[in-house]
1. Tally the residues that are surrounded by 10 or more Cβ atoms within 10 Å (Cβ to Cβ) and not in a helix (DSSP H, G or I), restricting the search to region 97-115.
2. Would region 116-124 turn up any residue that is surrounded by 11 or more Cβ atoms within 10 Å (Cβ to Cβ), under 22 Å from the mean Cα position of the chain (by Cα) and assigned to a strand (DSSP E or B)?
3. Could you list all residues from region 81-133 that are in contact with a Ser or Thr (Cβ under 9 Å, 6 or more places away or on another chain) and under 28 Å from Met54 (Cα atoms)?
4. With under 15 Å from the mean Cα position of the chain (by Cα), among the hydrophobic types (A, V, I, L, M, F, W, C) and not in a strand (DSSP E or B) as the only criterion, which of Leu40, Leu51, Leu25 stands out?
5. Could you grab me the full set of residues in region 68-96 that are assigned to a helix (DSSP H, G or I) and of a type in the set (Lys, Arg)?
6. Give the residue that is nearest to Ala107 (Cα to Cα), with candidates limited to residues of region 40-96 that are among the basic types (Lys, Arg) and surrounded by 14 or more Cβ atoms within 10 Å (Cβ to Cβ).
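Taken together, the values in this text are just the output of simple stated rules run on the coordinates, not laboratory data. Values in this document were obtained by computation on a predicted structure and should not be read as measured data. Ideal geometry is used to build each Cβ from the backbone, glycine not excepted, and the neighbour counts take in all protein chains shown.
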Amino acid sequence: MARPAKSATRFPAPTEAELAILQILWSRGPSTVREVHTALRSRGTGYTTALKQMQVMTEKGLLKRSERFRSHVYEARLPREQTQLQLTRNLLERAFDGSAKNLVLGALSSQPISASELAEIREMLDKFEKRNA
């Protein structure tokens, strides 16, 4: 089975806490530490913890920091879809021995799925099949 080409730029997989920050930045767009901290407050994350995490994420290449403004503004270096693709590839290799079939079966078996989601998945599979024919 042919493996998809790996992207030229690979960043380390984000931790769960880093993913929470990325989710905020993907939904809100470029934000200051204060804005991210406010969004994280329900998780009990302190301001200095959020700041330190975002500094580490910048060093790891997960975030970009702009110093054009009075406050530093951070944004995700990669779009949500590209990060999800990297996480999926990582999970596929580590937990499913490269088997896309087992990954999909595991995902479908892990929680109930609605009829509309199942129909959407069938439609996507049909498109993949036509594209790869």
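1. Within region 97-115, the first condition is being surrounded by 10 or more Cβ atoms within 10 Å (Cβ to Cβ), and the residues that meet it are 98-100, 102-108, 113.
Subsequent filtering for residues that are not in a helix (DSSP H, G or I) retains 98-99, 113.
Number satisfying all stated conditions: 3.
2. Scanning region 116-124, I find no residue that is surrounded by 11 or more Cβ atoms within 10 Å (Cβ to Cβ), under 22 Å from the mean Cα position of the chain (by Cα) and assigned to a strand (DSSP E or B), so the answer is no.
3. Answer for region 81-133, where residues must be in contact with a Ser or Thr (Cβ under 9 Å, 6 or more places away or on another chain) and under 28 Å from Met54 (Cα atoms): Gln82, Leu85, Gln86, Leu92.
4. Details: Leu40 fails: under 15 Å from the mean Cα position of the chain (by Cα); Leu51 fails: under 15 Å from the mean Cα position of the chain (by Cα).
Among Leu40, Leu51, Leu25, only Leu25 is under 15 Å from the mean Cα position of the chain (by Cα), among the hydrophobic types (A, V, I, L, M, F, W, C) and not in a strand (DSSP E or B).
5. Here is the first cut: in region 68-96, the residues assigned to a helix (DSSP H, G or I) are 80-96.
Hits for region 68-96 are Arg80, Arg89, Arg94.
6. Here is the first cut: in region 40-96, the residues among the basic types (Lys, Arg) are 41, 43, 52, 60, 64-65, 68, 70, 77, 80, 89, 94.
Pick out the ones that are also surrounded by 14 or more Cβ atoms within 10 Å (Cβ to Cβ) and you get 60, 64-65, 77, 89.
On the way: Lys60: 29, Lys64: 32, Arg65: 35, Arg77: 27, Arg89: 14 Å.
For region 40-96, the residue satisfying everything is Arg89.
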